[in-house]
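Notes follow the structure.
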Amino acid sequence: MPLHIALLRAVNVGGTGALKMAELKALCEDLGFAAVTTYIQSGNVLFRSDLSKATAAQTLDAALARILGKPPGVTIRDRKELEAVVAANPFPEAKPNYLMISFLNEPAPAGALDRLVAPDGERAHVSGREIYVHYPNGSGRSRFVLPAIRHATARNMNTVVKLAELARTLEQG
(Lines give C-alpha, C1' and ligand atoms only; values in the text may rest on other atoms or scores of the structure.)
Protein backbone atom coordinates (compact mmCIF):
# COMPACT_ATOMS: atom_id res chain seq x y z
CA MET A 1 0.00 0.00 0.00
CA PRO A 2 1.40 3.42 -0.91
CA LEU A 3 2.27 5.91 1.81
CA HIS A 4 0.46 9.25 1.55
CA ILE A 5 1.47 12.48 3.30
CA ALA A 6 -1.59 14.64 3.91
CA LEU A 7 -1.15 18.36 4.58
CA LEU A 8 -4.25 19.94 6.08
CA ARG A 9 -4.95 23.62 5.52
CA ALA A 10 -5.93 26.00 8.34
CA VAL A 11 -5.74 23.45 11.14
CA ASN A 12 -4.47 24.66 14.52
CA VAL A 13 -3.17 27.90 13.03
CA GLY A 14 -4.09 31.26 14.51
CA GLY A 15 -6.82 29.79 16.69
CA THR A 16 -8.81 28.34 13.79
CA GLY A 17 -9.63 24.78 12.89
CA ALA A 18 -8.83 23.30 16.30
CA LEU A 19 -8.15 19.61 15.92
CA LYS A 20 -6.18 17.36 18.25
CA MET A 21 -3.78 15.10 16.43
CA ALA A 22 -5.14 12.10 18.35
CA GLU A 23 -8.57 12.91 16.85
CA LEU A 24 -7.04 13.22 13.39
CA LYS A 25 -5.32 9.86 13.79
CA ALA A 26 -8.53 8.19 14.97
CA LEU A 27 -10.49 9.74 12.09
CA CYS A 28 -7.96 8.45 9.56
CA GLU A 29 -8.11 4.98 11.08
CA ASP A 30 -11.93 5.09 10.96
CA LEU A 31 -11.65 5.90 7.25
CA GLY A 32 -9.68 2.69 6.76
CA PHE A 33 -6.25 4.28 6.41
CA ALA A 34 -3.43 2.14 7.83
CA ALA A 35 -0.20 2.90 9.71
CA VAL A 36 -1.47 6.37 10.59
CA THR A 37 1.15 8.75 12.01
CA THR A 38 0.76 12.45 12.77
CA TYR A 39 3.55 15.00 12.93
CA ILE A 40 3.37 18.17 15.06
CA GLN A 41 0.13 20.02 15.71
CA SER A 42 -0.27 21.74 12.35
CA GLY A 43 -2.21 19.09 10.46
CA ASN A 44 0.32 16.67 9.01
CA VAL A 45 -0.65 13.03 8.79
CA LEU A 46 1.01 10.11 7.06
CA PHE A 47 -0.92 6.94 6.25
CA ARG A 48 -1.10 3.98 3.92
CA SER A 49 -4.02 3.60 1.54
CA ASP A 50 -4.77 2.00 -1.79
CA LEU A 51 -6.86 5.07 -2.66
CA SER A 52 -5.38 7.48 -5.16
CA LYS A 53 -3.96 10.69 -3.69
CA ALA A 54 -6.93 12.67 -5.04
CA THR A 55 -9.54 10.26 -3.67
CA ALA A 56 -7.80 10.00 -0.30
CA ALA A 57 -7.64 13.81 -0.08
CA GLN A 58 -11.34 14.16 -0.94
CA THR A 59 -12.29 11.43 1.55
CA LEU A 60 -10.30 12.99 4.38
CA ASP A 61 -11.48 16.52 3.54
CA ALA A 62 -15.14 15.43 3.62
CA ALA A 63 -14.68 13.64 6.96
CA LEU A 64 -12.92 16.68 8.44
CA ALA A 65 -15.77 18.91 7.23
CA ARG A 66 -18.15 16.92 9.42
CA ILE A 67 -15.95 17.62 12.47
CA LEU A 68 -14.81 21.19 11.74
CA GLY A 69 -18.01 22.48 10.11
CA LYS A 70 -16.33 23.09 6.76
CA PRO A 71 -13.69 21.34 4.68
CA PRO A 72 -10.24 22.65 5.61
CA GLY A 73 -8.59 21.61 2.36
CA VAL A 74 -6.32 18.59 2.11
CA THR A 75 -3.30 18.25 -0.13
CA ILE A 76 -1.51 14.93 -0.50
CA ARG A 77 2.04 14.29 -1.63
CA ASP A 78 4.29 11.25 -1.45
CA ARG A 79 7.84 10.99 -0.15
CA LYS A 80 9.49 11.38 -3.54
CA GLU A 81 7.47 14.54 -4.22
CA LEU A 82 8.54 16.06 -0.90
CA GLU A 83 12.15 15.13 -1.54
CA ALA A 84 11.90 16.84 -4.94
CA VAL A 85 10.49 19.97 -3.25
CA VAL A 86 13.51 20.03 -0.92
CA ALA A 87 15.96 19.43 -3.78
CA ALA A 88 14.40 22.19 -5.92
CA ASN A 89 14.78 24.85 -3.21
CA PRO A 90 15.36 28.12 -5.12
CA PHE A 91 16.59 29.88 -1.97
CA PRO A 92 19.24 27.55 -0.47
CA GLU A 93 20.80 30.40 1.53
CA ALA A 94 17.53 31.07 3.39
CA LYS A 95 17.10 29.84 6.95
CA PRO A 96 14.79 26.81 6.65
CA ASN A 97 12.30 28.21 9.17
CA TYR A 98 12.07 31.43 7.10
CA LEU A 99 11.32 29.54 3.89
CA MET A 100 7.68 28.54 3.42
CA ILE A 101 6.44 26.21 0.71
CA SER A 102 2.81 26.64 -0.28
CA PHE A 103 1.35 23.40 -1.60
CA LEU A 104 -1.36 23.64 -4.25
CA ASN A 105 -3.53 20.83 -5.59
CA GLU A 106 -3.09 22.04 -9.17
CA PRO A 107 -0.16 23.69 -10.92
CA ALA A 108 0.14 27.36 -10.05
CA PRO A 109 -1.67 29.52 -12.59
CA ALA A 110 0.26 31.45 -15.20
CA GLY A 111 1.09 34.84 -13.76
CA ALA A 112 0.83 33.56 -10.18
CA LEU A 113 3.38 36.14 -9.04
CA ASP A 114 1.86 39.06 -10.95
CA ARG A 115 0.03 40.55 -7.93
CA LEU A 116 2.85 39.95 -5.48
CA VAL A 117 3.25 42.52 -2.69
CA ALA A 118 6.56 42.05 -0.84
CA PRO A 119 7.18 45.09 1.39
CA ASP A 120 9.86 43.42 3.52
CA GLY A 121 12.01 41.98 0.73
CA GLU A 122 10.19 38.66 0.50
CA ARG A 123 11.00 36.58 -2.55
CA ALA A 124 8.77 34.04 -4.23
CA HIS A 125 9.33 31.32 -6.80
CA VAL A 126 6.79 29.11 -8.57
CA SER A 127 7.64 25.49 -9.30
CA GLY A 128 4.70 23.42 -10.55
CA ARG A 129 2.29 22.84 -7.66
CA GLU A 130 4.49 24.60 -5.12
CA ILE A 131 5.26 28.23 -4.43
CA TYR A 132 8.34 28.92 -2.35
CA VAL A 133 8.37 32.13 -0.31
CA HIS A 134 11.43 33.39 1.56
CA TYR A 135 10.52 35.70 4.43
CA PRO A 136 13.84 37.37 5.40
CA ASN A 137 12.27 38.79 8.59
CA GLY A 138 10.03 35.79 9.31
CA SER A 139 6.45 35.23 8.24
CA GLY A 140 4.73 36.16 11.51
CA ARG A 141 4.65 39.93 10.99
CA SER A 142 5.06 40.00 7.25
CA ARG A 143 2.63 42.01 5.15
CA PHE A 144 3.42 39.81 2.15
CA VAL A 145 0.45 39.34 -0.18
CA LEU A 146 0.19 36.74 -2.91
CA PRO A 147 -3.36 35.84 -3.99
CA ALA A 148 -2.17 32.59 -5.63
CA ILE A 149 -1.50 31.03 -2.21
CA ARG A 150 -4.84 31.97 -0.65
CA HIS A 151 -6.15 28.38 -0.91
CA ALA A 152 -2.82 26.62 -0.48
CA THR A 153 -1.39 25.06 2.66
CA ALA A 154 2.10 26.08 3.68
CA ARG A 155 4.89 24.38 5.59
CA ASN A 156 8.34 25.67 6.39
CA MET A 157 11.34 23.86 4.95
CA ASN A 158 12.19 22.24 8.29
CA THR A 159 8.77 20.58 8.36
CA VAL A 160 8.97 19.45 4.74
CA VAL A 161 12.39 17.88 5.35
CA LYS A 162 11.14 16.15 8.50
CA LEU A 163 8.02 14.81 6.77
CA ALA A 164 10.14 13.38 3.95
CA GLU A 165 12.48 11.75 6.48
CA LEU A 166 9.57 10.35 8.47
CA ALA A 167 8.01 8.97 5.28
CA ARG A 168 11.31 7.30 4.33
CA THR A 169 11.53 5.68 7.77
CA LEU A 170 7.93 4.45 7.58
CA GLU A 171 8.45 3.07 4.07
CA GLN A 172 11.56 1.19 5.17
CA GLY A 173 10.06 -0.14 8.40
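The values are calculated or read from the model by the stated rules, or taken from the named source; none is laboratory data. Not measured: the values here are computed from a predicted model. Every residue, glycine among them, receives a Cβ derived from its backbone with ideal geometry; neighbour counts consider all protein chains shown.
Considering every residue within region 82-90, establish whether at least one is assigned to a helix (DSSP H, G or I), among the acidic types (Asp, Glu), within 24 Å of LEU19 (Cβ to Cβ) and at pLDDT 95 or above.
Taking region 82-90 and keeping what is assigned to a helix (DSSP H, G or I), we get 82-87.
Among the residues that remain, those that are also among the acidic types (Asp, Glu) are: 83.
Filter once more, keeping what is within 24 Å of LEU19 (Cβ to Cβ): none.
No, region 82-90 contains no residue that is assigned to a helix (DSSP H, G or I), among the acidic types (Asp, Glu), within 24 Å of LEU19 (Cβ to Cβ) and at pLDDT 95 or above.
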- PHE103 fails exactly one of the following numbered conditions: (1) within 26 Å of LEU24 (Cα to Cα); (2) surrounded by 21 or more Cβ atoms within 10 Å (Cβ to Cβ); (3) free of Cβ contacts under 8 Å to residues at least 60 places away in the same chain. What is the number of that condition? (3)
- Item | Residue in region 25-51 that is farthest from ARG155 (Cα to Cα), counting only those that are under 15 Å from the mean Cα position of the chain (by Cα) and free of Cβ contacts under 8 Å to residues at least 60 places away in the same chain | PHE47
- Item | Residues of region 50-91 classified as exposed (fewer than 13 other Cβ atoms within 10 Å of the Cβ) and within 17 Å of VAL126 (Cβ to Cβ), total | 1
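Here is a yes/no grid of residues against (1) in the same structural domain as GLN41 (by TED's automatic domain parsing); (2) touching a residue at least 24 places away in the same chain (Cβ under 8 Å); (3) in contact with a His (Cβ under 8 Å, 6 or more places away or on another chain):
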| residue | (1), (2), (3) |
| --- | --- |
| ALA62 | yes, no, no |
| ILE67 | yes, yes, no |
| GLU93 | no, no, no |
| PRO96 | no, yes, no |
| ALA110 | no, no, no |
| ALA118 | no, yes, no |
| GLU122 | no, no, yes |
| SER139 | no, yes, no |
| ARG143 | no, yes, no |
